[in-house]
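Read through the structure below, which is laid out as structure tokens, and then see the notes.
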Amino acid sequence: MGGFYCACAQDYHGRFCDNKLPHVRCLRDRIVLVVGKSLVREEAGTVDRKLVYVGRGRRDEARCWSRDVGDELVVTLNIFSNCGTNIKKRGRNFVYKNRLFLDTSSNTSSSTSSPDNLVLLDWSCVYPRNYVTSLRQSISPAINQPERQVAYGKFIIDLKMFPTLDLSPLSDLRPPATLVTGQRVYAQVQLMTSQ
């Protein structure tokens with residue numbers, strides 16, 4: 001195989017320009033990253049779902065690995081999942097940014113500059129600040145059993161969120177509050193009136 005490479009058309013890559021470039025789909029409830037197995041095989045010398053992952057330093061986290069879907073490897077992220085995803089507020093939007101990596105350490109003939117990690121895709125998704133989504137699973141509190149008896153009826157309550165357990169009135173989270181995925185918050189519910 002001589003020392004040549006094709007000048008590829010847009011959206012294609014590889015020695016013979018037959019590999020589609022990886023791409024991202026920013027969907028309502030998830031972010032989907034797709035890379036073709038032929039590109040992985042050419043760069044890494046083999047195809048293994050564990051070689052394609054999201055987030056620098058996340059190589060050993062199974063939730064950040066790709067899964068095998070036909071002739072593609074696909075990483076699906078819930079928009080609230082971590083895997084090193086950076087979330088920044090920009091105006092009325094939130095911008096999610098991260099990178100899709102390929103571990104090329106098993107292929108010594110790889111043409112990449114880094115022997116261990118090739119950046120397949122430097123991606124970002126933009127979502128509006130006021131965003132409603134439904135989760136496939138319900139959110140479960142860390143403590144499932146309340147300390148007091150539960151009553152039923154019509155109530156007006158005051159719900160406040162706090163970054164620490166001291167529930168200081170001076171530290172409650174008010175809009176616009178910034179929370180990081182995986183950050184623990186504490187809620188205080190105060191009964192205002194009952195009917």
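The table below lists the values:
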read-out	value
Residues of the stretch 34-74 that turn out to be closer than 27 Å to Asp18 by Cα and in contact with a helix residue (DSSP H, G or I) (Cβ under 7 Å, 6 or more places away or on another chain), as a count	15
Residue in the stretch 31-60 that is nearest to the chain's Cα centre (by Cα), counting only those that are surrounded by fewer than 16 Cβ atoms within 10 Å (Cβ to Cβ) and under 18 Å from Lys97 (Cβ atoms)	Val32
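Bear in mind that the values in this text are calculations on the coordinates, not laboratory data. Quick caveat, the model's predicted, so the values are computed rather than measured. For neighbour counting, all protein chains shown are included, and Cβ atoms are generated from backbone atoms with ideal geometry for every residue, glycine included.
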